[in-house]
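Participant: Structure below; questions to follow.
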Amino acid sequence: MNLTTSVLADAPELAIPVAPGWQLILAFLAGIAVIVVLITVLNLHPFLALIFGALTVGIVAGENLEKVLKSFSDGFGSTAAGVGILIALGAMFAKLLADSGGADEIVDTIVGHASPRALPWAMALVGAIIGLPMFFEIGLVLLMPVIYLVSRRSQLSLITVGIPALAGLSAMHGFVPPHPGPLTAISLLDANLGVTLALGVAVAIPTIIVAGPLFGKLAGRWVVVDAPDTFARDEFAAHSEGPGAAVATGRQLHRPSFAMTMFSVLLPVVLMLGKALVDIFIADENQWFRVTFDVLGTPLIALLIAVIVGIFTLGVGAGMSRDQVTKCVESGLPPVAGIILIVAAGGGFKQVLVDSGIGTLLADWAKGVNISVILLAWVLAVLIRLATGSATVATITASALMLGLVEGLGTGQVSLVVLAVGAGSLFFSHVNDAGFWLVNQYFRISVGQTIKTWSLMETVLSVTGLVVVLLLSLVI
């Protein structure tokens, strides 16, 4: 069907605007401007920038400051409870995967069976699998030694090998739960997680193919870079024994098998997808099979089960002692503390926008011009991404503005809006994005070369994702 805002005619009542339209628009623009300036000019942490942005919106809109603070606190608390726990569990599992050597087992098994011509495709697959449970930055750090080695052995440009892996990592980060961006958008827009997960994978596959091996082949011609000497053979050999070797104290660790590692990685995905399928095909809500999957497929339970299973299949299975498993799981939390705070503060900012009635104004405007909800979601995320450099901030803010526009849409349509926001949040990473500099330093390339490779790859990823989502909207 044609997914436009015309379907909103029977939407439930939205928040009543607290001020005239021009004042609310000014409040929103002022809040965004404060966030952009604080992050990009003053290098303030996004957590603080989002707080100041929310206060700015409320003050310019003429709201009572006490009411603004309550809106922010409510949004912060509900987001931390709904998304923060999932991010923490995901980080624990990712740490188990890394320290046990399971991530290395996935890499070596797939890359080791690929021909030279198929290496870029194999690297895209590796990036996607590693990116499924891991944050982009962690996945990049884990994959860089492999990217260097594959580039040296195959005599291919570092870009030809690396871009497909980055595309796999980035697509998973933008489209597929349990990453913070998709999870936050799902929570804010009240989308069905299982349906969004299934559609996210469907969008990610063709997107990775286009932005990864296909674009990587072109980018490798534009920028020819040899792999640096970092992680030479001896260093890589030590690395390929698994980062978990560093965890052991007087105890030799061994990698879990490829089959056991893949079982552990895909378990939460299967549980969440299973819940979505059971809800679709079993109408009786009291049927025991559906009740069971409704519980097991809940994101919190699915990720909790994954962590518990991972402790035995990845931790104990790799030869870790009880103390080593405990330290491994605990050490996964500190790196994501900042992410949880940013996401929760974004939820507070969202609630201030919602309670001010800005979403109502946007919904009314969108009805009048009959613009595609998917396209609008993508454009909003792109603009905020370009301004702030943060995919997470772009996802949160764009999702907040779309709240009034998804009322009355079907389950699949809301999920497509979530994915459109995710696609927009990946658009043209540049100098205000930490990921830009991470790639710049690891690949040892100039700023111009980083733009011609990484930034353009992110843009291709974003636009291709939007196109696939729009195509899916014709049949969903």
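The values are calculated or read from the model by the stated rules, or taken from the named source; none is laboratory data. Just so we're clear, the structure is a prediction, and the values are computed from it rather than from any experiment. Neighbour counts run over all protein chains shown; Cβ positions are idealised from the backbone, glycine included. Accessible surface is based on the protein model in full, side chains and every heavy atom, while ligands, DNA and RNA are left aside. Shrake-Rupley method; radii C 1.70, N 1.55, O 1.52, S 1.80 Å.
Participant: Starting from the Cα gyration tensor of the stretch 41-104, take the square roots of the eigenvalues, sort them a ≥ b ≥ c, and report rounded, prolate or oblate (rounded when a/c is under 1.5, otherwise prolate if a/b is larger than b/c, else oblate).
Facilitator: oblate
Participant: Lysine pairs in the chain with Cα distance under 18 Å, only those 8 or more apart or on different chains: how many are there?
Facilitator: 4
Participant: Using alpha-carbon pairs under 8 Å, 6+ residues apart, how would you state the relative contact order of the chain in percent?
Facilitator: Over the chain, the number comes to 27 percent.
Participant: Mind checking the per residue accessible area of the chain for me, 1.4 Å probe, whole number of Å²?
Facilitator: The answer is 39 Å² per residue.
Participant: Also, I was wondering about something else. When a/c reaches 1.5 or more, the comparison of a/b and b/c decides; with that in mind, is the stretch 282-327 rounded, prolate or oblate per its Cα gyration tensor?
Facilitator: Since a/c reaches 1.5 and a/b is larger than b/c, the shape of the stretch 282-327 is classed as prolate.
Participant: Here's another thing I want to ask about it. How much of the accessible area of the stretch 108-156, probe 1.4 Å, is carbon plus sulfur, in whole percent?
Facilitator: The computed percentage sits at 64.
Participant: Which label marks the calculated value of mean projected area of the Cα convex hull in nm², given the options (1) 31.6; (2) 25.8; (3) 22.7?
Facilitator: From the options (1) 31.6; (2) 25.8; (3) 22.7, the structure gives (3).
Participant: If you don't mind, another one. Once the Cβ-Cβ distance between Trp222 and Leu383 is put in as r, and R0 is 25 Å, what FRET efficiency do you end up with, to the nearest 0.05?
Facilitator: Once the sixth-power term is evaluated, E becomes 0.35.
Participant: Once phi is turned into θ = phi - 60°, what whole-Hz ³J(HN,Hα) does the Karplus curve with 6.51, -1.76 and 1.60 give for every residue of the stretch 268-285, x standing for Gly and Pro?
Facilitator: x, 5, 5, 4, 5, 5, x, 4, 4, 5, 5, 5, 6, 9, 10, 6, 6, 5
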